[in-house]
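What follows is a set of notes on a single structure, which appears directly below.
What follows is calculated from the coordinates using simple rules that are stated; it is not laboratory data. Bear in mind the structure is a predicted one, so any value in this text is a computation, not a measurement. Positions of Cβ are generated from backbone atoms using ideal geometry, with glycine treated the same way; all protein chains shown enter the neighbour counts.
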Amino acid sequence: MPTSVRLGRKTEQQLERLARRTGRSKSSLVREAIAVLDEQLDAGPTIDKQLTDYMAKGNLGPDIGGRRAKAILAAGFGRKKRP
């Protein structure tokens, strides 16, 4: 099914360069990019997991397996908004 997509100049140049380097059509590269993104979104970590991982990497002190980050997240998500 034909689809039209508007790309900026830089993105179009990147797509053309990838097509030349890989010997593939621009259409096949776009299809693959969509399939990969769809797969990543389906299999990707939840926002809770992403935040836990991010906070565990930060300066949270001694922390085994992100336990402190999980506790901070749980406390933060459990709070009600102030009026």
Tally the residues that are surrounded by 11 or more Cβ atoms within 10 Å (Cβ to Cβ) and farther than 14 Å from Ala33 by Cβ, restricting the search to region 1-11. 0
Subset of region 21-40, residues out of contact with any helix residue (DSSP H, G or I) (no Cβ under 9 Å at 6 or more places or on another chain) and farther than 14 Å from Thr3 by Cβ, comes to Arg21, Gly23, Glu32, Ala35, Val36, Leu37, Asp38, Glu39, Gln40
